[in-house]
Structures are given as C-alpha cells and as structure tokens.
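Only one structure is covered here, and it is reproduced in the block below.
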Amino acid sequence: MKKYTLAVLSILAIFFASCKSSKTAGNAGNLFDTTWELEYISGPRIAFEGLYPNKKPQITFDQKETKVYGNNGCNGYSAPYTLSGKSLTFGEPGPTTMMFCEGGGEQQFVKQMAKITSYSIDKDGKLNLIQGDVPMMRFKKVAKQ
C-alpha cells in the first residue's frame, strides 16, 4: 500500500509541476505572435495624442529572428533584441522608412526603447517595458499573428 501511495503522490507532484511550468512558458509565449500597440509612454510633457496624432507605435517580437519590428508612430523600424527570462534589451534599430512625422513621438519612442532593461505582462494582458523597476512603456494587444 505504501508503494501505491508513493506512486500516486509522485505522479501528482509531476502533474502539478508540469502545469506550473506550462503556465510560465505560456506567459513568456504571450510576448510572441502578437502585435502590440503603445498606449502609454513615460517622459514627455506632451499629451500622448499629441505625440502620436496619426498612428500609435506598434511592436511585434519575432522569436525565430530575435528581432522586433513595427512602426514608431510614423516610420517602420526593426531592431535586434536580447531576451533572458524577464530581462530584455534592444539593439540599434536598422534602416527605417523616411517619412516626415508630426508630433515628435518618433524620437521619444526610439529613445525610450534604448533604455529598456526588462518586461512584464500584467494581469490585464498588457505588455510593460521597464527601465530598472519603472514601467516606461505600456502596450496592448491589437492582433494575433
């Protein structure tokens, strides 16, 4: 009977451990295969709608290529990223389109991206890009890839 009880407890322990690791992997997986749209940026004294009068910045993480791409409120961009656990940094952006932009939000977006050190996805499913321990940018999901 002891062996039977021990076997059942072992199986239950493995089951609960696998459920927890799947949930953790699922949260990290939420970062990928999604287009995120900026809804908050820290720093500027200009109203958010004034920074991005025509188009809000978007970001999509390409897990296979370890690059992000999207638009910065006006022009398209791409950049490499480094992800380790919740630690996240962005490399120098590659070539972008060269459209004239209103509002000044493009420079603010690029400047903030360079300062990011980690990320979190909150209980509401929002992506927070963080500098140190301060959320600097918040994105909402707008499309599944």
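Of the residues in segment 44-63, how many are surrounded by fewer than 17 Cβ atoms within 10 Å (Cβ to Cβ) and either of a type in the set (A, V, I, L, M) or assigned to a strand (DSSP E or B) (or both)?
3
Quick one: count up the residues across segment 64-79 that are within 13 Å of the chain's Cα centre (by Cα) and open to solvent by 30 Å² or more (accessible area, probe 1.4 Å).
First pass over segment 64-79, keeping only residues within 13 Å of the chain's Cα centre (by Cα): 66-70.
Remaining after also requiring open to solvent by 30 Å² or more (accessible area, probe 1.4 Å): 66-67, 69.
The number of residues fulfilling the criteria is 3.
Return yes when residue 87 is open to solvent by 40 Å² or more (accessible area, probe 1.4 Å) and modelled with pLDDT of 95 or more and no when it is not.
yes
Are there any pairs, at least 6 apart or on different chains, whose C-beta atoms fall under 7 Å, with the first in segment 35-63 and within 15 Å of residue 141 (Cα to Cα) and the second part of a strand (DSSP E or B) and at pLDDT below 85, and if so, which?
Short answer, once both residue conditions are applied: 35/143.
Looking at this structure, is residue 96 surrounded by 15 or more Cβ atoms within 10 Å (Cβ to Cβ) and modelled with pLDDT under 80?
Criteria met by residue 96.
Please name all residue pairs, on different chains or six or more residues apart, with Cβ atoms under 6 Å, provided the first residue is in segment 114-133 and is more than 13 Å from residue 31 (Cβ to Cβ) and of a type in the set (D, E, K, R) and the second residue is open to solvent by less than 50 Å² (accessible area, probe 1.4 Å) and modelled with pLDDT under 95.
Every condition considered, no pair remains.
The values are calculated or read from the model by the stated rules, or taken from the named source; none is laboratory data. As the structure is a prediction and not an experimental result, all values here were calculated from the model. Backbone-built Cβ (ideal geometry, glycine too); neighbour counts: all protein chains shown. Calculation scope for accessible area: heavy atoms of the full protein, side chains included, ligands and nucleic acids excluded. Shrake-Rupley method; radii C 1.70, N 1.55, O 1.52, S 1.80 Å.
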